[in-house]
Amino acid sequence: MTDEPDTKKTPVSKAVGKKPLWRRLLKLSLILGGVGTVTGVVLVVWAIIYYGRDLPDYRQLANYEPAVVTRIHAGDGSLLTEFSRKPRIFVPINAVPQKLIEAFLSAEDKDFYRHNGLDYMGMVRGNLRNVMNLIKGRPLQGGSTITQQVARTFLLTLDQKLDRKIKEMILTLRIERAFSKDHILELYLNETNFGNRSYGVAAAALNYFDKALNELTVAQMAFLAVLPKAPHRYHPKRNKERALIRRNWILGRMKILGHIDDATYQTALEGDLVMAERSGRDEFKAEYFAEEVRRRVGRMYGTKKLYEGGLSVRTSLEPKLQAIAERSLQQGLVAYDRRHGWRGRISSLQIDDVWQKRLAAIKKPLGMPSWSLAVVHEVREDGAIIGLKDGTYGFIPVEEVKWARAWRQRERLGPKITDIAEVPALGDVIVTKRLTKKPTVVLAGFWDNKGEDIGSVSQYGLRQIPAIQGALIAMDPHTGRVLAMTGGFNYATSQYNRATQAKRQPGSAFKPFVYAAALDRGFTPSSLVLDAPFVIDQGEGLGKWKPKNSSDKFYGPSTLRLGIEKSRNLMTVRLAQNLGMGTVMDYAGKFGLNNNMERSLAASLGAGEVTLLQLSAAYGMLVNGGRKITPSLIDRIQDRRGKSIYKHDTRDCIPCRFIGADRSDEPEIQDTRLQILDPLTAYQMVSMMEGVVQKGTARSVGRAIKKPLAGKTGTTNDSHDAWFVGFSADLVVGVFVGFDRPRSLGRYEEGSSVAVPVFRSFMKTALRGEPGIPFRMPAGIRLVRINRETGQPAGVTDKNVIFEAYKPGTEPRVGQFAVLDGTAPIGKTKGTVRTGTGGIY
C-alpha cells in the first residue's frame, strides 16, 4: 500500500479488469520465492492443487440472501414487533453513500478497486510486522483485503492456521474472478458484525446513532469504519478514548487519500462521539396478537424463514380497537377481583432511614400495569400514609380500602371492613394506583426522614393483580379479520393466550346454534317449547341426568325467543331431543364448533370445548347472513423483495383489470363465501339475540348503548366459565373470563355479571361517535306484530308487542292450527296442539 493521496474518486460501479491467472501466480511466486522463481511457482501450483480440492463453493455468494429481520405491522402500518436471530437490515450497494464507502476503504483496503483480491505488497509488509511481533511476543496481525475478509466470513473459519490462510487466498482469487467489486463490497457491508446487536452497516447506523445511512456525518461514518476490526474494543461508551483515536486516524486517512478536504476533516475531528438510543422504532404493543402471528407464520413457512427471511407481515389489527380491548378486559378483571376480596400484602419491611432502598430492592410483581409498590408509613382513622420508591409520599383514603374484605375459599368474602387498620398495617408493602382525578391532600403532623413537613400529597387507591384471567376478540364478521385480541390480563404475567389456546366449555353461548337448527326444521321464533322438569336415564351405573334452569324454576310453555333471551336450559334440551343430536352436531360442524363435542344432550347446553376465536367466528357467521368465514390475523405476507406470497383475500377482481383512470365507479367483486345457513334463518337468530340485549340476560348492554346490538351470554356448571359474544351489524366481539385452573367464579357470578360488563365497556367506547346501523334484513322476511310472551298475533289492547321475523308462509294467524311432530318429552304422552304458534309441549 502507498500513502499517496488518491485524488481521483473511484466510482462505486466501476469494476477492475481481471488479469490472467499465470501473471498473478508469477507475482505471488516472486514474493514467496525471491530469486528462486521456479521453486516459488512450483510451491504455489502445489498449494493451489492441494488446498483447493475441498474448498467451499464460492458460487453460493452469487445468490446471497443474508438473514434479515421479519417485521410485523398492524393494519394501519404501525410496527408491532420484529423477529430475527441477527437484527440485520440489508442495503444494496447503490444505496450506500459514497463517503461511507470511502471511509471503509480508507480503514480497511484503500486499493480495493485496483487490486485483484490480494494486496501483495501489503502482505509483505504484514509478514515483516509479524516477524517483529513474534520476536517481541506480541500477537500476530492480519493484513487482509476486503475480499479476503469476505472469503473468511462467508466460507471459512476465523482460526489463525497457515492452511486456513492459504485456502483464504485461493478463495479470494476465485471470488474476484466471479464477482464484481461492487457485489463483493455489498457482501462485506451487509454481513459484517458491528457489535451492539448490529449486523450490517445500516443496522449499525441505527443502533449507534439512530440515523439512516444518508443522515450520517463524516465523523460518524469514520467511526462505523472503526468497528469491523473489533467492535468490543471500540465501544463508544465503554472505550470512548480508544474509539476516538481510531476514528480520528481514519479521518486522517480519508484526508490523505483525498476523500475529504481540510475543512471537513477539522470539523469531523472536533465532533464528539456520542451514542444515541434508537428512537425511531416506535412499536405499538400487542403482545398476545403478535405472538399468535409469530406462531402462524412459523407454521406456514418454518422458523428459519420467520427469523431470517426478511418477511413483511401486514396484519388485520386495528390499534385503536386493540387499546380499547386491553383496557376493557383489564378493568373488567379488576372489577371482578375486587368483588371477591383482598389476598393480602406483597411483603413487609421496617420503616427506618433506609426504607426507600429496601422498597426499591423488592421485585415488582409481574403483570402490574401502571401501578406502584408502596410501603405503609402510618395508619390513620381516615386513611393510610404510604411511601413510594422515589421517596415521595401519598395517601390512601379509607373509601379506597373498603373493598378489601378478606378473600375466602370458593371466592367468598370475609366480614365487612369496620376499621382501616384491618387491611394495611405499618410496614406492609402493597400495590397502589395514583388517583389522578382526585385532589391532593395535606397531611398534618407527618414528617419525612429529615423532620420536614411533607405538605400536600397525591391520593392513591389500593390495588391487587387479579387471579382471574380472560380474553377478548374483536372481529369483522364479513371477512373473519381479527381486529383486536388480548389473551389475558397482562402478557408479562402469562404468555398463554386464552383467546386462541384455551379450550373451554361455552355453556349457554352454544344455544343459538341449537335454535338455528330448529328454525331450519320448521320452528319459528314464536313456537312454544315446554319449560318443565326433564329427566333422562344415562345408562347403567351413570344415574339420571336432571338439567335445570339457572333460576331453579320452571316456566311452562314459552316461545323460542323467550328461551334464548332468558337462556332457558330445559327448553334447549327438549328442543335438542326433538331435533336429534345428530342434527345439532351437523349444525355445530357447519360453524366449526364440533371438534371437541360428544353426541349427547349435554352438548346442547355447551358441554363441548371451543376457543374464544372459534366461537366469535361462529357468531360472525350468524350476523353476516350465514356465510362461512375463516378467522384470520394476517392480511398479506411479502418476501424480502416485496413479492406477495400470501393473501387472506384470494378473490380475483376481474373488473379491476379493465377500469380506466377516468372511471370512478367501484367494481363489484364476486362473493365466494360458502352459504352455510339460510339467510332468513340467520336473520331470525340475530333478531332473537337482539332480544337478549334488550330484554334478556344482557339487558345492561341495551340500557348503556342505545344502538342495535345482539348477543348471548354463557355460563358453565358451577360458574367455572363466563362468556358473552355479541355483535353490531359490522363488528363481533367475544369475551371469556375464567381461572386458568378451572374453579367456581363464586356464587351469583355468571356471564351477565362477569363477561357482559367487559363487552359493554368495549362497545361503548368502540362505537362512540358511530351511527347505529340496523341489522341487515334479507329479502323474504315477514315482520308480524305479535305478543312477545304468547307468540300470538297481537291484539289492539296488547302492550308487550314486538315485530317478529318469519319466513314466508310461517307467520302465525289467529285461529290457525300448527302441529310440529317430535319426540314427546319425559312425563308427556304426546305433542300438544296450540293455536297459531306450534312447538313442543
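Within segment 467-510, the set of residues being part of a loop (DSSP other than H, G, I, E, B), of a type in the set (D, E, K, R) and over 29 Å from GLY344 (Cα atoms) comprises ASP476, LYS503. Residue count for segment 726-749 satisfying the condition of being of a type outside the set (Gly, Ala, Ser), over 21 Å from the mean Cα position of the chain (by Cα), buried (at least 23 other Cβ atoms within 10 Å of the Cβ) and over 21 Å from HIS478 (Cβ atoms): 1. Sub-8 Å Cβ pairs linking a first residue in segment 622-640 that is within 18 Å of MET485 (Cβ to Cβ) and at pLDDT 95 or above to a second residue that is in a loop (DSSP other than H, G, I, E, B) and of a type in the set (Lys, Arg), at least 6 apart or interchain, are ILE629/ARG673, ordered by first then second residue.
Any residue that is part of a loop (DSSP other than H, G, I, E, B), open to solvent by 10 Å² or more (accessible area, probe 1.4 Å) and in contact with a Pro (Cβ under 8 Å, 6 or more places away or on another chain) - is there at least one of those in segment 452-465? Yes: segment 452-465 contains one or more residues that are part of a loop (DSSP other than H, G, I, E, B), open to solvent by 10 Å² or more (accessible area, probe 1.4 Å) and in contact with a Pro (Cβ under 8 Å, 6 or more places away or on another chain). Does any residue of segment 475-497 turn out to be open to solvent by 20 Å² or more (accessible area, probe 1.4 Å) and among the aromatic types (Phe, Trp, Tyr)? So far as segment 475-497 goes, yes, one or more of its residues are open to solvent by 20 Å² or more (accessible area, probe 1.4 Å) and among the aromatic types (Phe, Trp, Tyr).
Mind telling me which of the residues ARG747, ARG741 ends up being over 30 Å from ASP678 (Cβ atoms) and either in contact with a helix residue (DSSP H, G or I) (Cβ under 8 Å, 6 or more places away or on another chain) or not in a loop (DSSP other than H, G, I, E, B) (or both)?
Numbers: ARG741 fails: either in contact with a helix residue (DSSP H, G or I) (Cβ under 8 Å, 6 or more places away or on another chain) or not in a loop (DSSP other than H, G, I, E, B) (or both).
Result of the check over ARG747, ARG741: ARG747.
Here ASP537 does not fit the description of being touching a Ser or Thr at 6+ places or on another chain (Cβ under 8 Å) and open to solvent by 10 Å² or more (accessible area, probe 1.4 Å). What do you reckon, is ALA243 touching a His at 6+ places or on another chain (Cβ under 8 Å), assigned to a helix (DSSP H, G or I) and open to solvent by less than 10 Å² (accessible area, probe 1.4 Å)? Against the criterion (touching a His at 6+ places or on another chain (Cβ under 8 Å), assigned to a helix (DSSP H, G or I) and open to solvent by less than 10 Å² (accessible area, probe 1.4 Å)), ALA243 qualifies. The condition of being of a type in the set (Asp, Glu) and open to solvent by 20 Å² or more (accessible area, probe 1.4 Å) holds for GLU381.
For segment 246-272, the candidate set comprises residues that are of a type in the set (D, E, K, R) and open to solvent by less than 50 Å² (accessible area, probe 1.4 Å); within that set, the residue that is nearest to LYS99 (Cα to Cα) is ARG253.
The lone criterion from (1) without any contact (Cβ under 8 Å) to a residue 12 or more places away in the chain; (2) within 30 Å of ALA484 (Cβ to Cβ); (3) assigned to a loop (DSSP other than H, G, I, E, B); (4) of a type in the set (D, E, K, R) left unmet by ARG233 is number (2). Checking THR697, THR681 one by one, the residue that is in contact with a Ser or Thr (Cβ under 7 Å, 6 or more places away or on another chain), over 25 Å from GLY769 (Cβ atoms) and either outside any helix (DSSP H, G or I) or modelled with pLDDT of 95 or more (or both) is THR697 and no other. Does segment 300-322 contain any residue that is part of a helix (DSSP H, G or I), of a type outside the set (Lys, Arg), surrounded by fewer than 18 Cβ atoms within 10 Å (Cβ to Cβ) and touching a helix residue (DSSP H, G or I) at 6+ places or on another chain (Cβ under 7 Å)? No, the conditions are met nowhere in segment 300-322. Scanning segment 108-124 for residues that are out of contact with any Pro (no Cβ under 8 Å at 6 or more places or on another chain) and in a helix (DSSP H, G or I) gives TYR120, MET121, GLY122, MET123, VAL124. Please work out if ARG673 is part of a loop (DSSP other than H, G, I, E, B), of a type outside the set (A, V, I, L, M, F, W, C), open to solvent by 10 Å² or more (accessible area, probe 1.4 Å) and free of Cβ contacts under 8 Å to residues at least 60 places away in the same chain. When the stated conditions are applied, ARG673 passes them. If you go through segment 342-352 one residue at a time, do you hit one that is touching a residue at least 12 places away in the same chain (Cβ under 8 Å), buried (at least 17 other Cβ atoms within 10 Å of the Cβ) and under 30 Å from PHE759 (Cβ atoms)? The answer is yes; a qualifying residue exists. Note on segment 207-218: among residues that are assigned to a helix (DSSP H, G or I) and open to solvent by 40 Å² or more (accessible area, probe 1.4 Å), the one that is nearest to ASP272 (Cα to Cα) is GLU215. Inspect all residues belonging to segment 716-725 and state whether any of them is open to solvent by less than 30 Å² (accessible area, probe 1.4 Å), of a type outside the set (Val, Ile, Thr), out of contact with any Asp or Glu (no Cβ under 7 Å at 6 or more places or on another chain) and assigned to a loop (DSSP other than H, G, I, E, B). Scanning segment 716-725 turns up no residue that is open to solvent by less than 30 Å² (accessible area, probe 1.4 Å), of a type outside the set (Val, Ile, Thr), out of contact with any Asp or Glu (no Cβ under 7 Å at 6 or more places or on another chain) and assigned to a loop (DSSP other than H, G, I, E, B).
Against the definition (free of Cβ contacts under 8 Å to residues at least 40 places away in the same chain, over 26 Å from TYR748 (Cα atoms), open to solvent by 10 Å² or more (accessible area, probe 1.4 Å) and of a type outside the set (S, T, N, Q)), how does GLY556 come out, yes or no?
Numbers: free of Cβ contacts under 8 Å to residues at least 40 places away in the same chain: yes; over 26 Å from TYR748 (Cα atoms): no; open to solvent by 10 Å² or more (accessible area, probe 1.4 Å): yes; of a type outside the set (S, T, N, Q): yes.
Criteria not met by GLY556.
Within segment 427-441, residues that are over 23 Å from ARG345 (Cβ atoms) sit with their Cβ atoms under 6 Å from residues that are surrounded by fewer than 16 Cβ atoms within 10 Å (Cβ to Cβ) and not acidic (Asp, Glu), at 6+ positions apart or across chains, in these pairs: THR440/SER456.
Filtering segment 781-802 to residues that are part of a loop (DSSP other than H, G, I, E, B) and at pLDDT 95 or above leaves only ILE781.
When the residues of segment 559-580 are filtered to those that are open to solvent by 20 Å² or more (accessible area, probe 1.4 Å) and either without any contact (Cβ under 8 Å) to a residue 40 or more places away in the chain or of a type in the set (Asp, Glu) (or both), the one that is farthest from MET688 (Cα to Cα) is GLY580.
The values are calculated or read from the model by the stated rules, or taken from the named source; none is laboratory data. Quantities reported herein were computed from a predicted structural model and do not represent experimental measurements. No Cβ is skipped: glycine too gets one built from the backbone with ideal geometry, and neighbour counts run over all protein chains shown. Side chains included, ligands, DNA and RNA excluded: accessible areas come from the protein's heavy atoms. Shrake-Rupley method; radii C 1.70, N 1.55, O 1.52, S 1.80 Å.
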